[in-house]
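A.B. asks: Handing you a structure now.
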Amino acid sequence: MVYVPSEIRRAVKLLAVDEGRTVSDVFVDAVRAYLLARDRDILPAPAPSTAPLLEGQDILRPLVDLLARQEVLLIGIVERLDLPSRQPRARNETVETAARARAMSIILAALTKAGPAGLTPGELNQAARAVDLDLDHYGVAKEVLRAGGLIRCLGNRWSIPS
């Protein structure tokens, strides 16, 4: 087992997603280049597999890539929140957390449905009001998503970064 600092692990995960490769392949290539730069003997690189892992892999690849990127973004959100050590939650705190998670889900769904053009602040507010979303939960959810890089506001449009 090798310890890899979290910021390097995150950067490698993003690179792997961008290049459509596995994290292991990126690490192996990096170590291989390091060893070659120091004239160390290594075994030849294995040929990349052309066989799909699953039938219909081409259909699944965008989903796999999206989930890998989402994992990295969620790790970043948790780190930015700098949460204290876990302690048993009171019932009302659990309810608040669930309500904020619902608010995040509604915001992401509205922006996903809007596509690359996004929504104006008024349109996003209207989407929240249409499902009776509590304004406090809506505000907190929007800021958490924004801080985590899952949504952005450019000019006068909220959208999901591509």
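A.B. asks: Looking at this structure, is A16 more than 25 Å from M104 (Cβ to Cβ) and either modelled with pLDDT of 70 or more or surrounded by 14 or more Cβ atoms within 10 Å (Cβ to Cβ) (or both)? Give the steps one after another, and end with the answer.
C.D. replies: Values: more than 25 Å from M104 (Cβ to Cβ): yes; either modelled with pLDDT of 70 or more or surrounded by 14 or more Cβ atoms within 10 Å (Cβ to Cβ) (or both): yes.
Spelling it out, A16 is indeed more than 25 Å from M104 (Cβ to Cβ) and either modelled with pLDDT of 70 or more or surrounded by 14 or more Cβ atoms within 10 Å (Cβ to Cβ) (or both).
A.B. asks: Which count do you get for residues in the stretch 7-24 that are part of a loop (DSSP other than H, G, I, E, B) and among the hydroxyl-bearing types (S, T, Y)?
C.D. replies: 1
A.B. asks: Moving on to the next point. Output the number of the condition that A99 fails; it satisfies all remaining conditions of (1) modelled with pLDDT under 65; (2) touching an Asp or Glu at 6+ places or on another chain (Cβ under 8 Å); (3) assigned to a helix (DSSP H, G or I).
C.D. replies: Evaluating A99 over (1) modelled with pLDDT under 65; (2) touching an Asp or Glu at 6+ places or on another chain (Cβ under 8 Å); (3) assigned to a helix (DSSP H, G or I) leaves (1) as the failure.
Okay, residues lined up against (1) in a loop (DSSP other than H, G, I, E, B); (2) surrounded by 12 or more Cβ atoms within 10 Å (Cβ to Cβ); (3) assigned by TED's automatic domain parsing to the domain that holds R10:
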{"site": "M104", "(1), (2), (3)": "no, yes, no"}
{"site": "K113", "(1), (2), (3)": "no, no, no"}
{"site": "A128", "(1), (2), (3)": "no, yes, no"}
{"site": "L133", "(1), (2), (3)": "yes, yes, no"}
{"site": "E143", "(1), (2), (3)": "no, no, no"}
{"site": "R146", "(1), (2), (3)": "no, yes, no"}
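The values are calculated or read from the model by the stated rules, or taken from the named source; none is laboratory data. This one's a predicted model, so the numbers in the text were calculated from it and none came from an experiment. Here the Cβ is made from the backbone with ideal geometry for all residues, glycine too, and neighbour counts use every protein chain on show.
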